[in-house]
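Written out below as structure tokens is the structure these notes cover.
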Amino acid sequence: MSGADKEVTLLELPEPPPPGPGQLLVAVEAAGVGPWDQLLSDASWDVGLRPPAALGVEGAGTVLAVGAGVTGFATGDRVLAHEAPLPGGSGFWAERVLITAHHAAACPAGLDAVHAAALPVNGLTAVQALEKLDLSQGQRLLITNGGGATGALAIQLAAAKGIEVTATASAATAERLLGLGAIEVVDYHDPNWPAKASGGFDAALIIATGTADAALGLVRDGGRLCSLTSDAPAEERGITSWDLYVEPNAAQLLQLAERTAAGTLRLAPQPLPLSEGPAAYTQAVTGQARGKKIVLTPA
């Protein structure tokens with residue numbers, strides 16, 4: 001499935017090459033879809049795609065072949081991964097993908113492929129953002145777009161550490177987010193939403209485009225702001241402000257997978273057949289997924 005010319009279409013692609021040193025060849029059982037895939041399709045995010053190629057930088061599947069020097073994985077093992085750059089020049093929206101072994105995490109026995117594939121990019125983004133924000137129990141965090149896949153995971157991870165989370169989201173998702181651990185949900189449809197939030201936050205996590213400046217005004221002096229939308233505002237009042245871009249991390253991914261398998265981290269995947277990839281892509285990049293994480297499956 002190619003998107004190199006901004007048009008995502010179904011294609012017959014050649015098989016990936018055999019795995020080289022440090023690589024795994026994986027039979028894809030499920031692949032995640034997200035708004036970042038638009039960056040791949042228009043080459044804004046260079047992950048090594050060599051068109052014609054499949055999109056997709058996350059997924060889960062079974063190891064078909066192991067390259068030289070790889071330890072810890074064998075043929076038949078189930079794995080999940082976020083991979084960028086893609087060593088085979090093609091992504092997870094395909095039947096097979098070539099990945100770097102040290103970016104892969106073992107998939108726990110209790111975790112199905114759809115939930116595993118829904119986890120890597122959103123989960124790693126949430127973990128890495130919270131690590132950078134470095135909040136402790138009792139501190140207060142504002143998350144914009146708490147109803148999305150990354151926001152929902154960030155709420156759960158923060159709440160588990162005793163961080164008090166206020167999230168912006170639609171009124172329709174408020175009950176779900178409160179159930180995930182948020183202590184307050186502010187309706188972002190209200191143009192005066194910043195005044196409805198209590199302010200004085202120790203940190204803000206920006207997941208909704210265009211909310212960084214308003215959120216900055218709600219962060220206390222000396223606080224922190226982390227933007228996932230590449231629009232971190234200039235630092236002021238001693239507030240540290242930066243943009244964050246997700247990186248592959250197998251150790252973090254394994255912890256996320258184990259928590260999901262144990263039921264302490266909840267996901268809301270929406271599986272679709274790979275044949276519906278173009279429609280899934282459109283839903284993801286136009287914000288029509290409605291908080292659901294779209295996952296493509298080969299069958």
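The values are calculated or read from the model by the stated rules, or taken from the named source; none is laboratory data. All values reported here derive from a predicted model rather than from experimental measurement. Here the Cβ is made from the backbone with ideal geometry for all residues, glycine too, and neighbour counts use every protein chain on show.
Screening Lys132 on (1) in the same structural domain as Val66 (by TED's automatic domain parsing); (2) under 22 Å from Trp242 (Cβ atoms) shows it passes everything except condition (1). Taking each residue of the range 223-243 that is within 11 Å of Ala204 (Cβ to Cβ) and looking for partners that are of a type in the set (Ser, Thr, Tyr) with beta-carbon atoms closer than 6 Å, six or more apart or interchain, yields Arg224/Thr240; Leu225/Ser241; Ala232/Ser241; Pro233/Ser241. For the range 164-174, the criterion of being acidic (Asp, Glu) and part of a helix (DSSP H, G or I) is met by none of the residues. Taken as a whole, the structure places Arg176 among residues that are out of contact with any Leu (no Cβ under 7 Å at 6 or more places or on another chain), of a type in the set (Lys, Arg) and farther than 16 Å from Leu135 by Cα. If you scan the range 107-156, which residues turn out to be closer than 26 Å to Pro298 by Cβ, more than 11 Å from the chain's Cα centre (by Cα) and buried (at least 24 other Cβ atoms within 10 Å of the Cβ)? Scanning the range 107-156 gives Cys107, His115, Ala116. Exactly one residue among Ala154, Ala158, Ala174, Ala203 is in contact with a strand residue (DSSP E or B) (Cβ under 8 Å, 6 or more places away or on another chain), of a type in the set (Gly, Ala, Ser) and touching a residue at least 60 places away in the same chain (Cβ under 8 Å), and that residue is Ala203.
Checking each residue in the range 195-211 for being buried (at least 18 other Cβ atoms within 10 Å of the Cβ) and either outside any loop (DSSP other than H, G, I, E, B) or not assigned by TED's automatic domain parsing to the domain that holds Ala232 (or both) picks out Phe201, Asp202, Ala203, Ala204, Leu205, Ile206.
Among the residues of the range 26-40, not a single one is surrounded by fewer than 23 Cβ atoms within 10 Å (Cβ to Cβ), free of Cβ contacts under 8 Å to residues at least 40 places away in the same chain and touching a helix residue (DSSP H, G or I) at 6+ places or on another chain (Cβ under 8 Å). Within the range 232-271, being in contact with a Lys or Arg (Cβ under 9 Å, 6 or more places away or on another chain) and either part of a helix (DSSP H, G or I) or under 20 Å from Phe73 (Cβ atoms) (or both) holds for one residue alone: Thr260. Scanning the range 272-299 for residues that are part of a strand (DSSP E or B) and touching a Gly at 6+ places or on another chain (Cβ under 8 Å) yields a total of 4.
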